[in-house]
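A.B. asks: Let me begin by handing over the structure; questions about it come next.
Values in this text are rule-based calculations from the coordinates and carry no lab data. None of the values given here were measured: they were computed from a predicted structure. Cβ sites come from the backbone with ideal geometry, for glycine too, and all protein chains shown count toward neighbours.
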Amino acid sequence: MNKSGQSLGWIVLAAGAIGVFMTTPGQTVGVSAFVDHIAVDLGIPREQVVMLYSAGTLLGILPAPLIGRLVDRYGPRRAIAFIAPALGFACAAVAWAHGPWSLAFGFTLLRGSAIGGLYLVSLNLVNLWFDRLRGRATAIAMLGLALGGLVIPGTAEQVTAAYGWRVAYLMLGVTVVAIMLPVGLLCFRNRPQTYGLTPDFGKALPASATHNREDLTLGEAARTQMFWYLLSISVLANAIGTALLLDHVRALQSAGLGRAAAIGLLGVVTVTQAVCVLGGGVLVDKYGTRRVGVFGLMLLALAVASVMAAPAFIAGSIYAAALGAGLGILHVVQGAGLAEHFGTRHLGALRGTTSVFGISGAAAGPLLFALWSPETGYMVFLAYTAIALALGSAATPRLLIRSEAVKP
C-alpha cells in the first residue's frame, strides 16, 4: 500500500465528511429550527414560510446539473473555492430577509448552494477517491449530516435565544466559510490518478489484471434501465421520507398512540437510519448498489404498508425501524450508485440531474397528502415502489470493467 495514498485517502474522506456536515444550515433539519422564529419576526404565517421554503428548494436545485458539469470540468478542489462562499452568502441572505420575496430569494440561494453545491461536490470527492470501498466511504461521509443534525440546531437555538435568529444565521454563514474554505482548499483533491495514486487509500490494482472503465455521459446513462432505477430510488427516498416524517405524529395519534410516544419514535427512526447508513455501506461494497437498493426499497414498502394497516403495531416500532432502515440504506445507494455503474468522469452532471428529480420528489410527496389524502399518497408510493423494484430486478450493471489476464 502506498503510504502517501493512504494518508491522502483519509484526508479526503475526512474533508468529504466535513463538507457534508457543513451543509446542515441549508438542510431541512437545520432550517426547521428557524421556521417559527422567522414567521414571528416577519409577521407571516408559519405555513407560508414552509411554502416559501419548498418553492426555494425547487428553484434552488435547478442549476445543480450545471454545477455538476463545472465540478466535472474543474474538479472538486477548484469548485469549493466558489461554493463555500456562496453558501455563506446564502445564509446571510436569509438573515437579511424582511419579507416573503426576500425570504424566498434567501431560501433559493440556501438550498441551491447547500444541496446542489456543497453536498454534491463533497460526495463527488469521496466517489472519485474510493472504488471498492466506495460504499463504506460514502456511509462515513454521510454520517457528517447526522452529526450536523445533532449539533447545528441546538447550537443555533442557543444563539437565537441570546442574540436573535438573524445573528444565528449570520454566525452559521461565517462558520461555513471560515471552516469549509480552508478545508476545501487544503484537503479537497481532484482525481487520485492526478497524483499518481489509485483509489481506496492508494491500494494498487492486481498485477494480473488491467481495468478499462467505460464512463458514460448523462445521455448514454439515460438510455439504460439502471439509470432510471437509481433515479426512482432518489425520488422515492425523498418523497416517502419527507411525507411520512411530516405525517408521522398525525398518523400515529390517529392510530391511538400519544403525542409523546409518537415524538419518541422519531428517535427510533433517526438512530436506525444512522446505524443502517454504516451497515448499508458494508452491504454496498459486498453486494453492489442494485441488490442493496432492492432491499432498501422493500424496507420502505414495509414502512408504508405498516403505517397504512397497523401503525401502532408493537407501539409503532416496526414502522419506525423499517422507515429508518430503508432511508439509511437507500441514502448510501444514492451516494454510491451512479459512480458504480456509470463511472466518475461525468459524475457531477449525473448527480446534479438526479438531485433535481430527488428534491422534486421531496416536494411532491407531501403535496400528494395535501391535494388528496394520506391514504391516496400511500397507494401512489407503493405503486411507484413496485415499478422501481421491477426496474431493479431487470437492470444490469452498465459500467463495463474488462479484466484481461496479462500474458507471460
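A.B. asks: Rank ALA395, THR242, GLY377 by how far each Cα sits towards the positive end of the charge dipole of the chain (+1 on Lys, Arg Cβ; -1 on Asp, Glu Cβ) and give me just the farthest.
C.D. replies: ALA395
A.B. asks: Here's something else I'd like to know. Would you order ILE359, ILE83, ILE152 from fewest to most other beta-carbon atoms within 10 Å of each residue's own beta-carbon?
C.D. replies: So the residues, fewest neighbours to most, are ILE152, ILE359, ILE83.
A.B. asks: Expressed in nm to one decimal, what extension gain is obtained for the pair LEU382 and GLN193 from 0.36 nm per residue of sequence separation less their Cα-Cα distance?
C.D. replies: Stretched out fully, the LEU382 to GLN193 stretch lengthens by 63.7 nm.
A.B. asks: Then there's this: Of VAL126, GLN253, ALA322, whose Cα points farthest to the positive end of the dipole of the chain (charges on the beta-carbon: +1 Lys, Arg; -1 Asp, Glu; origin at the Cα centre)?
C.D. replies: Towards the positive end, the residue furthest out is VAL126.
A.B. asks: Using +1 at the Cβ of each Lys and Arg and -1 at the Cβ of each Asp and Glu in segment 3-204, identify which of GLY9, PHE107, GLY148 lies farthest towards the dipole's positive end.
C.D. replies: Working it through, the farthest residue towards the positive pole turns out to be GLY9.
A.B. asks: Hey, another quick one. If you put +1 on each Lys and Arg Cβ and -1 on each Asp and Glu Cβ, how big is the dipole of the chain around its Cα centre, in Debye rounded to 20?
C.D. replies: My answer is approximately 1100 debye.
A.B. asks: Can you list the HN-Hα couplings for segment 293-298, worked out from phi with the Karplus curve (6.51, -1.76, 1.60; θ = phi - 60°), rounded to whole Hz and with x for Gly and Pro?
C.D. replies: My calculation for segment 293-298 gives x, 4, 4, x, 5, 5 Hz in order.
A.B. asks: Using a Förster distance of 25 Å, how high is the FRET efficiency between ALA261 and ALA309, based on the Cβ-Cβ distance and rounded to 0.05? Don't skip to the answer; put the middle values down first.
C.D. replies: On the way: r = 19 Å, r/R0 = 0.75.
Calculated transfer efficiency: 0.85.
A.B. asks: Sorting PHE342, PHE201 on the 10 Å Cβ count, fewest up front, what's the list?
C.D. replies: Placing the least packed residue first, the sequence is PHE201, PHE342.
A.B. asks: In whole Å, largest first, what are the principal axis extents of the Cα atoms in segment 3-204?
C.D. replies: Projected onto its principal axes, the Cα set of segment 3-204 covers 60, 32, 25 Å.
A.B. asks: Taking Cα atoms of the chain, Rg/Rh with Kirkwood Rh, to two decimals? All intermediate terms of the calculation are to be shown ahead of the outcome.
C.D. replies: Details: Rg = 21.1 Å, Rh = 21.7 Å.
Dividing the radius of gyration by the Kirkwood radius yields 0.97.
A.B. asks: Please find the FRET efficiency linking LYS286 to ASP215, where r is the Cβ-Cβ separation and R0 is fixed at 22 Å, and quote it to the nearest 0.05.
C.D. replies: The value I calculate is 0.40.
A.B. asks: Follow-up question, since we're still on this one. Taking the alpha carbon gyration tensor of segment 49-169, what are the square roots of 5 times its eigenvalues, largest first, to the nearest whole Å? Walk me through the intermediate numbers first.
C.D. replies: On the way: eigenvalues 153, 70, 29 Å².
Equivalent-ellipsoid dimensions as semi-axes: 28, 19, 12 Å.
A.B. asks: I've got another one for you. What is the magnitude of the charge dipole of segment 212-403 about its Cα centre, with +1 placed on the Cβ of each Lys and Arg, -1 on the Cβ of each Asp and Glu, and no other charges, expressed in debye to the nearest 20?
C.D. replies: 260
A.B. asks: Please state the shape class of segment 150-309: rounded when a/c is under 1.5, otherwise prolate if a/b exceeds b/c and oblate if not, all from the C-alpha gyration tensor.
C.D. replies: Note, shape of segment 150-309 comes out oblate.
A.B. asks: Net charge around ARG77, counting only other residues with Cβ within less than 14 Å of its Cβ (Lys, Arg = +1; Asp, Glu = -1)?
C.D. replies: So the surrounding residues net to +3.
A.B. asks: Shifting gears a bit: Taking the Cβ of each residue in SER54, SER254, SER113, SER355 as the centre, tally the other Cβ atoms inside 10 Å and list the residues starting with the fewest.
C.D. replies: SER254, SER54, SER355, SER113
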